[in-house]
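Below you'll find the structure, written out as structure tokens, and then a few comments.
The values are calculated or read from the model by the stated rules, or taken from the named source; none is laboratory data. Since the model is a prediction, treat every value here as computed from it, not as a measurement. Here the Cβ positions follow ideal geometry from the backbone for every residue, glycine too, while neighbour counts run over all protein chains shown.
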């Protein structure tokens with residue numbers, strides 16, 4: 001992130017990233033396919049937290065409740081990372097290729113959540129619909145969290161986003 005800030009994302013090379021990390025380019029490529037992937041290296045951990053949270057939800061939980069449990073499980077991971085997340089989000093928003101990679105990450109998360117729901121006995125296409133809805137809740141809540149000057153935690157934003165969604169879907173207004 002420091003190099004991207006100093007030199008700009010487009011002008012930063014893999015060689016510079018590797019050198020700053022005390023690695024050779026060859027070693028860099030053992031871990032990352034390109035410089036974009038440096039910004040997405042936490043995706044497997046995020047996916048594992050959400051999937052485990054879905055799997056660990058009480059058996060009687062409705063599918064969306066199980067997904068929300070998975071989303072809430074990520075809050076501790078982000079608790080101390082708001083300033084990094086803000087910088088990362090600004091960088092991604094400024095580059096179409098990074099936005100594309102972010103969408104791929106979110107689609108991968110949705111697929112993993114759908115698979116977790118199917119393991120809980122949720123049939124398709126419902127598993128896919130609920131997984132996509134859950135990822136939309138996460139994306140919206142994360143954006144709110146990143147931009148929250150009041151420093152509320154991610155879990156609070158997930159719950160608020162879910163309440164808004166339920167309110168918008170309700171016939172009682």
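With respect to residue 73, is the statement that it is free of Cβ contacts under 8 Å to residues at least 40 places away in the same chain, out of contact with any strand residue (DSSP E or B) (no Cβ under 9 Å at 6 or more places or on another chain), within 22 Å of residue 37 (Cα to Cα) and surrounded by 14 or more Cβ atoms within 10 Å (Cβ to Cβ) true? Don't jump to the end; show me each part of the working.
Values: free of Cβ contacts under 8 Å to residues at least 40 places away in the same chain: yes; out of contact with any strand residue (DSSP E or B) (no Cβ under 9 Å at 6 or more places or on another chain): yes; within 22 Å of residue 37 (Cα to Cα): no; surrounded by 14 or more Cβ atoms within 10 Å (Cβ to Cβ): yes.
It is false that residue 73 is free of Cβ contacts under 8 Å to residues at least 40 places away in the same chain, out of contact with any strand residue (DSSP E or B) (no Cβ under 9 Å at 6 or more places or on another chain), within 22 Å of residue 37 (Cα to Cα) and surrounded by 14 or more Cβ atoms within 10 Å (Cβ to Cβ).
Results for (1) over 13 Å from the mean Cα position of the chain (by Cα); (2) free of Cβ contacts under 8 Å to residues at least 24 places away in the same chain; (3) on the phi < 0 side of the Ramachandran plot, shown as yes or no for each residue.
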site	(1), (2), (3)
98	yes, no, yes
129	yes, yes, yes
143	no, no, yes
151	yes, no, no
158	no, no, yes
166	yes, yes, yes
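Return the residue satisfying two criteria in turn: it lies in region 1-19 and is at pLDDT 95 or above and assigned to a helix (DSSP H, G or I), and of such residues it is farthest from residue 103 (Cα to Cα).
Checking each candidate, the answer is 19.
Which residue pairs have Cβ atoms closer than 7 Å, lie 6 or more positions apart in sequence or on different chains, and pair a first residue in region 22-35 that is closer than 15 Å to residue 98 by Cα with a second residue that is surrounded by 10 or more Cβ atoms within 10 Å (Cβ to Cβ)?
Going by the 7 Å Cβ cut-off, the qualifying pairs are 32/38; 35/12; 35/14; 35/17.
Which residues, counting only those in region 33-47, are exposed (fewer than 13 other Cβ atoms within 10 Å of the Cβ) and assigned to a helix (DSSP H, G or I)? Write out each step before concluding.
Filtering region 33-47 for residues exposed (fewer than 13 other Cβ atoms within 10 Å of the Cβ) gives 33-34, 41, 44-45.
Result: 44, 45.
Please give the helices (runs of 4 or more DSSP H) falling wholly within region 81-163 in which 3 or more residues are at pLDDT 95 or above and farther than 19 Å from residue 5 by Cα. Even if it seems obvious, please write down each step before you answer.
Values: elements: 82-93, 96-119, 126-146.
So the answer is 96-119, 126-146.
Among the residues of region 50-69, is there at least one that is closer than 30 Å to residue 13 by Cβ, in a helix (DSSP H, G or I) and touching a helix residue (DSSP H, G or I) at 6+ places or on another chain (Cβ under 9 Å)?
We begin by selecting, within region 50-69, every residue closer than 30 Å to residue 13 by Cβ; these are none.
No, region 50-69 contains no residue that is closer than 30 Å to residue 13 by Cβ, in a helix (DSSP H, G or I) and touching a helix residue (DSSP H, G or I) at 6+ places or on another chain (Cβ under 9 Å).
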